[in-house]
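Before I ask anything, here is the structure I am working with.
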């Protein structure tokens, strides 16, 4: 687990995600998060000398966590089963996380980069986005909420770890 030195600025009270090569993939998350500078934490999976980004955590509230819930997108109904999990498709190998204020900013050019460290991308509309090197796939997100049902953090899972990995002991 790594805490990033940068923070994600949000002024609209909402978070959004999209594939930078497909602006129509933009989705705003359902829960309001308030305005502020939110801390970002990375979960990194290691296999030998290779590292992959397993998940990202955006801290938007204060603990303790009372429960976990699936994050769905504005305008969508809650999923009724695990096979209906709302997911965002990524074909470029990058997922962009940003203030949901004005929707998708259009195609976002990501400079060449290696490793698991996200890139901070200044957008032409004044927002700053966080580009996450996640590989390709369809990814789900989850909210940790407090006893008053207010968000504590948002976790985006990049499907790197299997159930077997989660149950294994750290070495």
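The values are calculated or read from the model by the stated rules, or taken from the named source; none is laboratory data. Bear in mind that the values here come from a model prediction, so they are computed numbers and not experimental data. We place every Cβ from the backbone using ideal geometry, glycine too, and count neighbours over all the protein chains shown.
Please tell me if residue 104 is part of a strand (DSSP E or B), at pLDDT below 95 and either touching a strand residue (DSSP E or B) at 6+ places or on another chain (Cβ under 7 Å) or closer than 18 Å to residue 154 by Cα (or both).
In short, no.
Could you say which residue among 16, 21, 61 is at pLDDT 90 or above, surrounded by 15 or more Cβ atoms within 10 Å (Cβ to Cβ) and over 26 Å from residue 110 (Cα atoms)?
Among 16, 21, 61, only 61 is at pLDDT 90 or above, surrounded by 15 or more Cβ atoms within 10 Å (Cβ to Cβ) and over 26 Å from residue 110 (Cα atoms).
Ok, one more. Which ones in the stretch 68-100 are closer than 21 Å to residue 39 by Cβ and surrounded by fewer than 19 Cβ atoms within 10 Å (Cβ to Cβ)?
Passing the criteria: 68, 69.
Next up: Looking at the stretch 3-19, which of its residues are touching a residue at least 40 places away in the same chain (Cβ under 8 Å) and under 18 Å from residue 53 (Cβ atoms)?
Passing the criteria: 4, 6, 8, 15, 17, 18, 19.
Given the options 28, 55, name the one that is under 25 Å from residue 125 (Cα atoms), touching a strand residue (DSSP E or B) at 6+ places or on another chain (Cβ under 8 Å) and buried (at least 19 other Cβ atoms within 10 Å of the Cβ).
None of the others qualify; the one that does is 28.
Being over 16 Å from residue 128 (Cβ atoms) and touching a helix residue (DSSP H, G or I) at 6+ places or on another chain (Cβ under 8 Å) is the requirement here; does residue 45 meet it?
So residue 45 passes the test.
Same structure, new question: If you check every pair at least six apart or on different chains, which have Cβ atoms under 7 Å apart with a residue in the stretch 93-115 that is at negative phi and without any contact (Cβ under 8 Å) to a residue 12 or more places away in the chain first and a residue that is part of a loop (DSSP other than H, G, I, E, B) and surrounded by 14 or more Cβ atoms within 10 Å (Cβ to Cβ) second?
Pairs found: none.
Same structure, new question: Given the structure, is residue 45 in contact with a strand residue (DSSP E or B) (Cβ under 9 Å, 6 or more places away or on another chain), within 19 Å of residue 144 (Cβ to Cβ), at pLDDT below 90 and assigned to a strand (DSSP E or B)?
It is false that residue 45 is in contact with a strand residue (DSSP E or B) (Cβ under 9 Å, 6 or more places away or on another chain), within 19 Å of residue 144 (Cβ to Cβ), at pLDDT below 90 and assigned to a strand (DSSP E or B).
Within the stretch 69-79, is even one residue at positive phi and not in a loop (DSSP other than H, G, I, E, B)?
The answer is no, given that none of the residues of the stretch 69-79 is at positive phi and not in a loop (DSSP other than H, G, I, E, B).
Something else: Given the criteria modelled with pLDDT under 95, assigned to a loop (DSSP other than H, G, I, E, B) and surrounded by 13 or more Cβ atoms within 10 Å (Cβ to Cβ), does residue 135 qualify?
Yes, satisfied.
All but one of (1) closer than 14 Å to residue 29 by Cβ; (2) surrounded by 14 or more Cβ atoms within 10 Å (Cβ to Cβ) hold for residue 108, so report the exception by its number.
Among (1) closer than 14 Å to residue 29 by Cβ; (2) surrounded by 14 or more Cβ atoms within 10 Å (Cβ to Cβ), residue 108 violates only (1).
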